[in-house]
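I am attaching a structure below and will ask some questions about it afterwards.
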């Protein structure tokens, strides 16, 4: 499938429990080929109030992939090929703060990346780039989500630090206590390297975390189980889908680059000069870095 750039496309990545989208018109699942392998699933393309939407279930329909098995590069590349320039990411997380109760939707603004078994960049094998991750999410999209969440009366918290652990096992008690000392507010397994790759692909990224439990640091939650998480998560799913529906109708249909510069993040990031770049890497990056692929890097 080739990218459709004739209309702005909103991307949605669904986390645990969100494997489909309701109320899409002209909806169809489409297989999208990526230069970086196979995405988690086909991509559901459709419309909400004339806004084109591309939805991808992160774990695949039926929850087939664990956090470490997800091909994050292929997922982001495939969404970019569908014309996505703004991306809302939903994920289930545990709380590391007494104040953030299960059932809360957290609009994340920072990450601590503790993953170690995942490929984290599109730029490798003879083509180097360094993008800034100081502010890893798009504040413009965060504003929209906050406004719409409050409008439909969801329990929402604006701002929070998401610690991303490798998994797929839950934390030990010692780890959970350590993560709290690092200033983390919530803990999950999937937003890294997703957020980093979205930045490299110049896609504005917004993370919405759905709190399902208190993790094992809490006296009343010393044994987090998948079953207990899913019970709380099931209560959040309908609210999450309502939030998606409302948010998409609030986003401008005509794409405007965000004020944070998410859509121009490669302007000063390329390092390898044109004549030194691997041809194989350049071909792979034809979608992700199309806007700047023929610009010089630092080393010519």
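The values are calculated or read from the model by the stated rules, or taken from the named source; none is laboratory data. If you're wondering where the values come from, they're calculated on a predicted model, not measured in any experiment. For neighbour counting, all protein chains shown are included, and Cβ atoms are generated from backbone atoms with ideal geometry for every residue, glycine included.
Taking residue 23, is it touching a helix residue (DSSP H, G or I) at 6+ places or on another chain (Cβ under 9 Å), in a loop (DSSP other than H, G, I, E, B) and surrounded by fewer than 23 Cβ atoms within 10 Å (Cβ to Cβ)?
Judged against the criteria, residue 23 is a match.
Show me the strands (runs of 3 or more DSSP E) found entirely inside segment 133-198 where at least 2 residues are touching a strand residue (DSSP E or B) at 6+ places or on another chain (Cβ under 7 Å) and either free of Cβ contacts under 8 Å to residues at least 40 places away in the same chain or within 25 Å of residue 252 (Cα to Cα) (or both).
Once the strands (runs of 3 or more DSSP E) in segment 133-198 are filtered for at least 2 residues that are touching a strand residue (DSSP E or B) at 6+ places or on another chain (Cβ under 7 Å) and either free of Cβ contacts under 8 Å to residues at least 40 places away in the same chain or within 25 Å of residue 252 (Cα to Cα) (or both), what remains is 156-158.
Moving on. Working only within segment 219-256, note down all residues that are outside any helix (DSSP H, G or I), surrounded by 14 or more Cβ atoms within 10 Å (Cβ to Cβ) and modelled with pLDDT of 85 or more. Even if it seems obvious, please write down each step before you answer.
If we filter segment 219-256 for residues that are outside any helix (DSSP H, G or I), which is where we start, we get 222-225, 251-256.
Imposing the further condition that a residue be surrounded by 14 or more Cβ atoms within 10 Å (Cβ to Cβ) reduces the set to 224, 251, 255.
Answer for segment 219-256, where residues must be outside any helix (DSSP H, G or I), surrounded by 14 or more Cβ atoms within 10 Å (Cβ to Cβ) and modelled with pLDDT of 85 or more: 251, 255.
Okay, moving on. Scan (1) more than 18 Å from residue 39 (Cα to Cα); (2) within 15 Å of the chain's Cα centre (by Cα); (3) without any contact (Cβ under 8 Å) to a residue 60 or more places away in the chain for the single condition residue 92 breaks and write down its number.
Of everything listed in (1) more than 18 Å from residue 39 (Cα to Cα); (2) within 15 Å of the chain's Cα centre (by Cα); (3) without any contact (Cβ under 8 Å) to a residue 60 or more places away in the chain, residue 92 misses just condition (3).
Scanning for something surrounded by 16 or more Cβ atoms within 10 Å (Cβ to Cβ) and within 29 Å of residue 293 (Cα to Cα), does segment 88-98 turn up at least one residue? Spell out how you get there, then give the answer.
Pass one, segment 88-98, residues surrounded by 16 or more Cβ atoms within 10 Å (Cβ to Cβ): 88-97.
Then drop every residue that is not within 29 Å of residue 293 (Cα to Cα), which leaves 88-89.
Yes, segment 88-98 contains at least one residue that is surrounded by 16 or more Cβ atoms within 10 Å (Cβ to Cβ) and within 29 Å of residue 293 (Cα to Cα).
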